[in-house]
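What follows is one structure encoded as structure tokens, with my remarks underneath.
The values are calculated or read from the model by the stated rules, or taken from the named source; none is laboratory data. Computed from a predicted structure; not experimentally measured. Counting neighbours? That spans all protein chains shown, and the Cβs are built from the backbone with ideal geometry, glycine included.
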Amino acid sequence: MKAAFFDRHGGPDVMQYGEQPEPVVDPGMVLVRLRAAALNRVDKWTRDGYPGLKLPLPHILGSDGAGEVAQGGSLFQPGARVVINTNIGCGVCEFCVAGQDNLCVRWNLLGETIPGTEAEYVAVPERQLLALPDDFPFEQAAAAALVFQTAWHSLITRGQLRAAETVLVVGAGGGVNTAAIQIAKLAGCQVFVVGSNARKLALAESLGADVLIDRSQVDWGRQVYQLTQKRGVDVVVDNVGGAALMTSLRSARRGGRILTVGNSAGPKLEFDNRYMFAKHLSLIGSTMSTRAEFATVMGLVFSGRLRPVIDSTFPLPDIRAAHERLEQGDVLGKITLSI
């Protein structure tokens, strides 16, 4: 089969397009003929080779994908249109049995720890598939799958978001943040967004953001403090980490919650713990979602109540150019691949 892959770690230049073996379909799995995939920051980190990562090479990236069943199982017949839930639990541990497969002790992510979706075919457990409506585009499904389930689990399940709360989203252009803005609005919240330029803030406004703060022009922590009459916001979505975390702690009200699913500024954090205990703050981490939550949030995407934002689309042979675009860091929404 044709696939995008790398056989050594490095920058976008290590990405190749060519022949790779077709996946083996074990019992309980199905073969999906992919029509679209989407890139995520984890593609860059995996391609670069983060500390402790050990992969058999060559490796196929890609966590998001949608297409048609090529070799069916008991639930899906060949030709069925599907979107893939990339969060793959073992199915037998105590968490998977309890329906909390995102807490699985042997959890895998397509494209990171196992071969992914930047290829003509991928083999996945049949339970990871969700039926795709006949009129819903493959590219839109692929662009939504990872980021919307991640934002939904963080805000709704872990963050226990309630109507009329104030939510600050730190960052305006990324896939998870564009999903978080929409989910917070759908929940009936007032949404503040911090962005690095007018272009990203215009996107946030188009998605429903109520208050726009350009961090290149103002001290965004001070601005949030002033705009909330020195109260602070109920919830901060901070997937940046690094130095931003201290400003997030200052921006939260007493008893507020800081939600994080990522660390685009780096994995290590340093903060003044006095803010945590003196303000009774909660720092809440999460990743991905359960399969039930995936079905719920994708249903909202299919109905048009939530919409993925697509920055650009590349044909699979142009995988190096797609990774160069990802590397630039000024992406608005998701980069997708047509296959």
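Annotations for the structure displayed:
- Residue ranges of strands (runs of 3 or more DSSP E) in region 131-230 with at least 2 members touching a residue at least 60 places away in the same chain (Cβ under 8 Å) and either aliphatic (A, V, I, L, M) or farther than 23 Å from Glu112 by Cβ (or both): 166-170
- Number of the condition not met by Gly116 [criteria: (1) part of a loop (DSSP other than H, G, I, E, B); (2) at pLDDT below 95; (3) closer than 29 Å to Leu57 by Cβ]: (2)
- For region 97-113, filtered to residues that are under 21 Å from the mean Cα position of the chain (by Cα) and outside any loop (DSSP other than H, G, I, E, B), the residue that is farthest from Val30 (Cα to Cα) is Leu103.
- Boolean, Pro137 is closer than 27 Å to Leu55 by Cβ, surrounded by fewer than 23 Cβ atoms within 10 Å (Cβ to Cβ) and either modelled with pLDDT under 95 or not hydrophobic (A, V, I, L, M, F, W, C) (or both): no
- Qualifying residue in region 232-240 (condition: farther than 29 Å from Asn197 by Cα, in contact (Cβ under 8 Å) with a residue 12 or more places away in the chain, of a type outside the set (Val, Ile, Thr) and in contact with a helix residue (DSSP H, G or I) (Cβ under 9 Å, 6 or more places away or on another chain)): no
- Boolean, Gly10 is more than 20 Å from Ser312 (Cα to Cα) and either touching a helix residue (DSSP H, G or I) at 6+ places or on another chain (Cβ under 6 Å) or not in a loop (DSSP other than H, G, I, E, B) (or both): no
- Qualifying residues in region 56-80 (those that are among the small types (Gly, Ala, Ser) and buried (at least 24 other Cβ atoms within 10 Å of the Cβ)) - the one farthest from the chain's Cα centre (by Cα): Gly67
- Residues of region 298-315 classified as under 15 Å from Phe136 (Cα atoms), outside any loop (DSSP other than H, G, I, E, B) and of a type in the set (A, V, I, L, M, F, W, C), total: 5
- Exclusive hit being under 17 Å from Phe5 (Cα atoms), small (Gly, Ala, Ser) and outside any loop (DSSP other than H, G, I, E, B), set Ala292, Ala322: Ala322
- Just one of the listed residues (Gly173, Gly89) is farther than 20 Å from Val309 by Cβ, buried (at least 21 other Cβ atoms within 10 Å of the Cβ) and within 20 Å of the chain's Cα centre (by Cα), namely Gly89.
- Of everything in region 285-319 that is more than 20 Å from Gly99 (Cβ to Cβ) and among the aliphatic types (A, V, I, L, M), the residue that is surrounded by the most Cβ atoms within 10 Å (Cβ to Cβ) is Ile319.
- Residues (touching a Phe, Trp or Tyr at 6+ places or on another chain (Cβ under 8 Å) and not in a helix (DSSP H, G or I)) located in region 232-279: Gly232, Val233
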